[in-house]
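Below: one structure, written as structure tokens.
The values are calculated or read from the model by the stated rules, or taken from the named source; none is laboratory data. None of these values were measured; they are calculated from a predicted model. All Cβ positions, even for glycine, are placed from backbone atoms using ideal geometry, and neighbour counts span all protein chains on display. Protein only, heavy atoms only, side chains kept; ligands, DNA and RNA dropped before computing areas. Shrake-Rupley method; radii C 1.70, N 1.55, O 1.52, S 1.80 Å.
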Amino acid sequence: MFKKLIAALSSRRHASRPAAAALPYKQEELNLMYQLLFCDDAQLVQQGPEPASLFGAAPDPRVVQTIGEDPAEESRVRLLAWQWLRVAGQPVASRELLGVVVEVPLEGGLDVLAAYADGSVRYIHHTGRVAVFEGTPEDIAQQGKLLVHAAIPLAAKGLVKHRAAPPVLGNVRLSLLAADGLHVRDGTFGDIDRDKIASPVLKQAQRLLDLVVRQGS
């Protein structure tokens, strides 16, 4: 379903592309995976010359909205559906939070942890190692959901922003992926820790990271 939706959305030229021109990794495949974490640019993935099969040649906004609202659908698919609606100028009343991306620059590169409301988790280690979890193991899936849930108050407080280049060394960025767009909270670890709304998000992210690292050890 995720690949089919990407193909369908790729048939429409976006009015604006994400602003994150800086690519944090030397490997092209890692940069692609990094960009795909934000679910805001379906053109990054192409499915060849086959015609879009999900919506047909002229996607129906009502169908796309149904997918965006469907809690049984993959979170990344739902985010792409909401993105399509926003770009197409369709009204989006929902502010449901569907994902969180945590970026931590290190001397050797960028650590990125992403969790989605359906329990799927992605991790890119600054050395280039990658971990992908699609709803299993159960402890990782549940902690991923807890991370997203902890970020709901922060997303509700923040304004929609454009995606920027990765954060600078010494900072951490929390990118909150919601139906109405991207909400961002970044700053030093001290800034985040002192923020009563942002601090729980960082703590849940650390718990998730501990589980991911333990799984790979």
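What do you reckon, is residue 80 touching a residue at least 40 places away in the same chain (Cβ under 8 Å) and in a strand (DSSP E or B)?
In short, no.
Test residue 58 against the criterion of being of a type in the set (A, V, I, L, M), open to solvent by 70 Å² or more (accessible area, probe 1.4 Å) and at pLDDT 90 or above, and give yes or no.
No.
Quick check on my filter: what residues within the stretch 117-128 are more than 13 Å from residue 141 (Cβ to Cβ), of a type in the set (Ser, Thr, Tyr) and surrounded by 21 or more Cβ atoms within 10 Å (Cβ to Cβ)?
Step one: filter the stretch 117-128 for residues more than 13 Å from residue 141 (Cβ to Cβ), giving 123-128.
Cutting the leftovers down to of a type in the set (Ser, Thr, Tyr) gives us 123, 127.
Scanning the stretch 117-128 gives a single hit, 123.
Is there a residue being under 20 Å from residue 144 (Cα atoms), in contact with a Cys (Cβ under 9 Å, 6 or more places away or on another chain), touching a residue at least 60 places away in the same chain (Cβ under 8 Å) and not small (Gly, Ala, Ser) anywhere in the stretch 174-187?
yes
Could you identify the single residue in 131, 155, 114, 141 that is out of contact with any Asp or Glu (no Cβ under 7 Å at 6 or more places or on another chain), part of a strand (DSSP E or B) and buried (at least 17 other Cβ atoms within 10 Å of the Cβ)?
114
So that you can scan it fast, the table gives a plain yes or no per residue for (1) within 20 Å of residue 201 (Cα to Cα); (2) touching a residue at least 12 places away in the same chain (Cβ under 8 Å):
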residue	(1), (2)
66	no, no
91	no, no
97	yes, yes
103	yes, yes
113	yes, yes
131	no, yes
134	no, yes
141	yes, yes
161	yes, yes
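For the stretch 158-186, name all the residues that are open to solvent by 40 Å² or more (accessible area, probe 1.4 Å) and not hydrophobic (A, V, I, L, M, F, W, C).
Passing the criteria: 161, 162, 170, 171, 185, 186.
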